[in-house]
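Input: a single structure, listed below in C-alpha cells.
The values are calculated or read from the model by the stated rules, or taken from the named source; none is laboratory data. Owing to the predicted nature of the structure, the values given are computational and were not obtained by experimental measurement. Counting neighbours? That spans all protein chains shown, and the Cβs are built from the backbone with ideal geometry, glycine included. The protein model used for the area step is the full one, side chains on, heavy atoms only, and it has no ligands, DNA or RNA in it. Shrake-Rupley method; radii C 1.70, N 1.55, O 1.52, S 1.80 Å.
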Amino acid sequence: MEFPTFADMSVNSSSSSTTISSDRDRVFASLDAYYHSQPSDDENYEELDIDSNGTRSPAVESPTHKRYLYPQKEFVDELRPEEIRWFYRSDGVKKWSPFIGYDSLRIECRYRALLVDRDGDIDVEERILVRGGLYEVDVANKKCIPVYWSGDISEITQGIWFYETMQPLEDGYANQIEGEHMGHFRGQRLEESAPLSKGPKPVIHHTKFRDFHVDWNATNEIYMFSESTSSKLMRRVSKSMGWQKSAGARLHRGYCYEAQMDDKPPDITHLVFVIHGIGQKMDSGSIVRCVKDLRDRVSSLQHKFYPDLSSNNQRCEFLPVEWRSSLKLDGGTVESITPHKMKGVRSILNSSAMDILYYTSPLYRAEISASLQTELIRLYEMFCVRHPYFEANGGKVSIVSHSLGSVITYDIMTGWNPIKQYDQFVTSIIKEEEEQVSHAKPKGAAQSAQLLQQLNTARQSALTMTRRVAELEATLQHVKEVVANGERALPFELENLFCFGSPLAVFLALRGIRPQGTGSTEHFLPPNTCKRLFNIYHPSDPVAYRLEPLVLKHYATIMPLPIHYHNSPKRPPYTLMTRKAYAAFKGSTDELAMKLKVEDNKLDVGSREDSTECIASASTQEKPEKTEKSDNKSNGAGKGFSLSKWFSDLKTKKVEDELTAELKMLQTMDQEARSMQCTLQYPEPQDIDKTELEYRLDYQLKERSMENSYVSLLTSHTAYWANKDIALFVLVHLFKQLQDETPL
C-alpha cells in the first residue's frame, strides 16, 4: 500500500473521513502552549508541564519515574504531544530507537505546526538540535542529520500506534488506523471486551489492508492479523480453541510513557575533540566510529560509577576531527609510481604509513597542519553557535589525539617551525667556519680570504633557499609569532591533551629535545599551551614512546603509572600513586622470577644465623622458621618422583636457555651476591634521584592475563577506542573531582 506523502498529510491525516478541523485550538489543544513557550537550545528555562488545556502547572516528576498512560485516560480523545513518541533509525538497522522526551516533544510540536501552517510563516528549513546536540532533525523531510561530520543520516518516524514491543507501526498504516479509530470511537469510554467462556470475541469494527487487517474487539483492545497463508491457518486453529489473544498482534495507541520537557541531558561543560592519526584515507569515516565507541563507553561508565555527575549538570561530549580526507597532497603521484606487484599491500601502506612521510616533508607538512588547525577552528565555532552558554559558563576544552595526530596537534599548539630551526643550524655552522678561517696563519691569508668569500656565497645561497621553502611554511610561521606574543594558535584554552599510542617523544628526541633535569616540561611544552598532558599507551604498541625520560633522564628506570582496570574494586587516585623502579630482571619471564623467589626463601632460611649483619644492612625482615613437621614433610616429598616438579624443572630450564647473554650475566652476578649470603635489592626510586616531575606524563595499560604479546603487537595501536580502562581514565581526568569520590 502506498504511504501518504507529507503534502497529503497536511490536508488529510488518514484515509478516513476524519480531517483536520479548522478550529486549531480544538484539534491541537496544547500545541500553541508548547510551541510558543518552547525555549531555544541556547536559553535557560524553567521546566514546566502543560496540560491538555494549554495551562501551565508545576514541573512533573523526574523522567526516571515513568508515568504510564494505561489506564489513565478514560475516553477516546486526540493524542497529546506527550503521548506521541518520535523515533530514529540508521540505514541497515531494523529496530527503531526512541528520542528522549525533550527531543520528541519539540519534533512533534514542529510537525504539528507545519501541518497547520497555511501562510508559510514557519521556516521549513529550520532544524531542531537533538541527541545531545550531535544531530539535527529536518522535520519536513523526516531526516536526522549529524552536525559535525558527514554521512550517518538517519530516518525518523512518528510513533502513534505501537506493537507490544513498543516498536512503532509504519507512518502510513498508523495514520490510517488512527483515522479509523477516531472516526468510530471518538468520545467513547476506553474499555476492554468482556472475557467469554467459549468462542471468539465479537469484533465491533474491522478495517483491511493489503497485507493485514485490524480488528477492534473493544475501544482499548485492538489486534492486527497478517494475511499470509500460515497466519490464516494459525488463526483458524486459535479461534476454534478460543485463543483469540494469541491469534494476532495486539496494538497500543500512544507510547508507554509520556514525554517530558525535563527528560533532557545536562549542558555540555567539557568539550573533547578527538583527532585521528594515520590510515584515515584508507578507511574514511573510521574516526566517527571510533569516537562513538569512546563516547558510549565513557557514558556507560559514568552512569555506572558516577551517576551524580549528570544531576550536577555536568557532561562531556566528544567530537571527531577528520583532517586527512580533504587533502590532495601529491595529487596521486605516489600512486602512479607504485609498482603493480603486491598492489593491495602497497596501497594500504600508501594510505596509512605514507602520512608520516608526508608530514616530515617540507612540501606537505604545512598543508597538513593547516588542515587540522582549520578543522578545529571550524568545529569549535560551529559548536559555540549552537551552544552559546558554553563559553559564558566557563566550558573547558580538551583534545584526544591518536598516533601521528598527537604530533600534528603538538606542533600547532607550540608553533614548532622546522624552517627556522634549520636556518639557525646553518647559520651556526657557517659562523663556526668563519671563526676557524679568521684564526688561520698569515701564510694562508690569500687562501683564508678565498674561503671567507665562499662562506659568504654559501650564506647567501642558504638564505635564498630558506626564503623559498619558508613560503610553504607561512602558516606555521604565523602560528609561531602568535605563540611568541602569548596568544593561542586555537580559539580556546586547552585543558588536557590525551595522546593515545603517540610517537611524539621520538619526534621530539630527533628534534634535539633533551632532559633538563628540573622536572618541568617547559622546555618542550610551554605552560600557556596546555595545562596537562597524558601519554597513554599499550606496552605492546610499536608506535608509542615514553615522554618522561625527556624531562628527567633517570625516569627511564621508573615505571609508567599503570592505568586501573575499570572493574577494579580499588582505584586509588593517580596523584597519590608512588613511583616504582623497573626490576633488575625486566625482560625475563615470570617463571624465572618465581624461581628466584623460591631461591631467596631458601637462602634466607639457611643463612639467617650467619648473615645477620648483612641482612640488617639490607633492611630485610626475618621470616618465621618452618616447623619441624613441615620440614620433615618437605624432605620426604623431595625423595619421591613428582610429575609436576619434573614439568616445572623442564619449563625453568627452557626459560634459562632463552635468556640473552646480558640477562645470564646479570643472573650470574646475582648468584654471586647470594653466595655472599646477602639478598640482592633492586634500587628504589628515592635511591636513584630525588628530583620529581611536575606531574606524571606516562600511563600504561595493564596487560590481561590471557593476552598474547605477538597478537597485541598487531592490534594494540588501534585498540584504544573501545578500551573501558582508557574510557574511565579519560572520564576521571576530565572531571578531576571524580578521583576523590568513591565509585558506586
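Observations on the structure shown:
- Amide H to amide H, with H built 1.01 Å from N, L494 comes under 5 Å of no residue 5 or more places away or on another chain.
- Rolling a 1.4 Å probe over the protein heavy atoms gives segment 500-546 an accessible area of 39 Å² per residue.
- Average accessible area per residue (Å²) across segment 268-381 - probe 1.4 Å, nucleic acids and ligands excluded: 45 Å²
- Overall, the accessible surface of segment 111-155 at a probe of 1.4 angstrom is composed of carbon and sulfur to the extent of 40 percent.
- Of the peptides 726-739, 556-569, the ranking by mean beta-carbon count within 10 Å, highest at the top, reads 726-739, 556-569.
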